[in-house]
Amino acid sequence: MPIIWRTATWRDIEESLSFHGAYKGDARVGSDAALRCWRDLVRDPFFASAALVADPAIRGYRLVGVGASVLVSRAFADAEIANPRPDINSRIIASIHSGRSVLATRNEVARANACGGVDVVVLGGIWHDQILSAAERQEVQTILATSFTEALSGYRVRDILHETANEPAREFVQRSIVFSTIAQFSELGRFIHLMTSESVKAVPASLGNVIFRYREPLLRLRDSDQQLLLSALRGATDQELSTLLGLKVSAVKARWRSAFARIEQTLPGLVADVGDRGGRGLQKRHRVLAYVRNHLEELRPY
């Protein structure tokens, strides 16, 4: 039974919260307001997500799992670690609702990547436990862990907080990605977990070690170049880039040339020796995109 993952849409998030309401975070603001805040979350540039889709459907469900995380301010992370309390999602949602969001800004992420590291909160790793066979459950959990690792690739990570709301989820995060449990609220079925670079050292082969591996960016691209390459990496054509970036197609092509020129200054061998045959620009794009795909730190704020 093939299960693939892709970036979650708002509809994916809405559906997943309908069958795992414990992660909605509506305790302080109510259900409708919480859903509106989730809609805003999906648009946040540092919101990472994965929707796990089965084809054909499993017992009538095509969406069988969803994972989501976000980067938060250093102050919020420090407060949550110093005083672990249940319902982290509610405090994040309430901050968005109040207009005093604890989500990390681009400047905060850039500073954190330069020194200290970003702070991550996992908003949920959710799957349809009741409909999955043991093998399907294992596949879903493996894909969630892998997609989460890819989402954080290129960031200098300081710590990762995750609250689980049931026993299968708790066992999964401790077994698969090496979280430590820092608080438990048994009467609520809630557990607070923390992952740091220190906590993953005991299991060298774990995905946690991949998450905390960081390389300094070499290219030092401008924001506009990063935006162009990140959108192209996701498969956008020049016409689609034109719409996404609010530029004419001719301006998109000019931005490509500008990006190539900057890259040649640092890594001349990457794009300078493609020859004089037709399609040189396309060859350069393929080379540059292949490079940044394996060096996502080049596309993160710094």
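The values are calculated or read from the model by the stated rules, or taken from the named source; none is laboratory data. The model shown is predicted, which means the values in this text are computed figures rather than measured ones. Positions of Cβ are generated from backbone atoms using ideal geometry, with glycine treated the same way; all protein chains shown enter the neighbour counts. Ligands, DNA and RNA are excluded from the accessible area calculation, which covers all protein heavy atoms including side chains. Shrake-Rupley method; radii C 1.70, N 1.55, O 1.52, S 1.80 Å.
Could you tell me whether region 274-288 includes any residue that is within 20 Å of Ala112 (Cβ to Cβ) and under 23 Å from the mean Cα position of the chain (by Cα)? No: region 274-288 contains no residue that is within 20 Å of Ala112 (Cβ to Cβ) and under 23 Å from the mean Cα position of the chain (by Cα).
Restricting attention to region 191-205 and to residues that are open to solvent by 70 Å² or more (accessible area, probe 1.4 Å) and of a type outside the set (Lys, Arg), the residue that is farthest from the chain's Cα centre (by Cα) turns out to be Ala202.
As a summary of the residue check, His193 satisfies the conditions (1) within 21 Å of Ala50 (Cβ to Cβ); (2) not hydrophobic (A, V, I, L, M, F, W, C); (3) not in a strand (DSSP E or B) except for the one numbered (3). Would you check if Ile92 is touching a residue at least 60 places away in the same chain (Cβ under 8 Å), buried (at least 22 other Cβ atoms within 10 Å of the Cβ) and of a type in the set (A, V, I, L, M, F, W, C)? Against the criterion (touching a residue at least 60 places away in the same chain (Cβ under 8 Å), buried (at least 22 other Cβ atoms within 10 Å of the Cβ) and of a type in the set (A, V, I, L, M, F, W, C)), Ile92 qualifies.
Can you go through Ser73, Ser49, Ser69 and tell me which one is open to solvent by less than 10 Å² (accessible area, probe 1.4 Å) and either among the hydroxyl-bearing types (Ser, Thr, Tyr) or in contact with a Lys or Arg (Cβ under 9 Å, 6 or more places away or on another chain) (or both)?
Ser69
The set of residues from region 61-84 being touching a residue at least 40 places away in the same chain (Cβ under 8 Å), farther than 20 Å from Asn107 by Cα and not hydroxyl-bearing (Ser, Thr, Tyr) comprises Leu63, Val64, Gly65, Val66, Gly67, Ala68, Glu80, Ile81, Pro84. The set of residues from region 206-257 being among the aromatic types (Phe, Trp, Tyr) and over 25 Å from the mean Cα position of the chain (by Cα) comprises just one member, Trp256.
Would you check if Glu163 is over 20 Å from the mean Cα position of the chain (by Cα) and not hydrophobic (A, V, I, L, M, F, W, C)? In short, no. Checking the structure you have, find out if any residue of region 210-233 is part of a loop (DSSP other than H, G, I, E, B), β-branched (Val, Ile, Thr) and closer than 26 Å to Trp5 by Cα. So far as region 210-233 goes, no, none of its residues is part of a loop (DSSP other than H, G, I, E, B), β-branched (Val, Ile, Thr) and closer than 26 Å to Trp5 by Cα. Among the residues making up region 148-168, a single one is open to solvent by less than 10 Å² (accessible area, probe 1.4 Å) and assigned to a helix (DSSP H, G or I): Leu152.
Within region 105-119, not a single residue is closer than 20 Å to Leu17 by Cβ, under 20 Å from the mean Cα position of the chain (by Cα) and small (Gly, Ala, Ser).
State whether one or more residues within region 32-45 are farther than 27 Å from Tyr155 by Cα, touching a helix residue (DSSP H, G or I) at 6+ places or on another chain (Cβ under 7 Å) and in contact (Cβ under 8 Å) with a residue 24 or more places away in the chain. Within region 32-45, one or more residues are farther than 27 Å from Tyr155 by Cα, touching a helix residue (DSSP H, G or I) at 6+ places or on another chain (Cβ under 7 Å) and in contact (Cβ under 8 Å) with a residue 24 or more places away in the chain. Can we say Ser18 is loosely packed, with under 15 Cβ neighbours inside 10 Å, within 30 Å of Ser133 (Cβ to Cβ) and among the polar types (S, T, N, Q)? Considered against the rule, which asks whether it is loosely packed, with under 15 Cβ neighbours inside 10 Å, within 30 Å of Ser133 (Cβ to Cβ) and among the polar types (S, T, N, Q), Ser18 comes out as yes.
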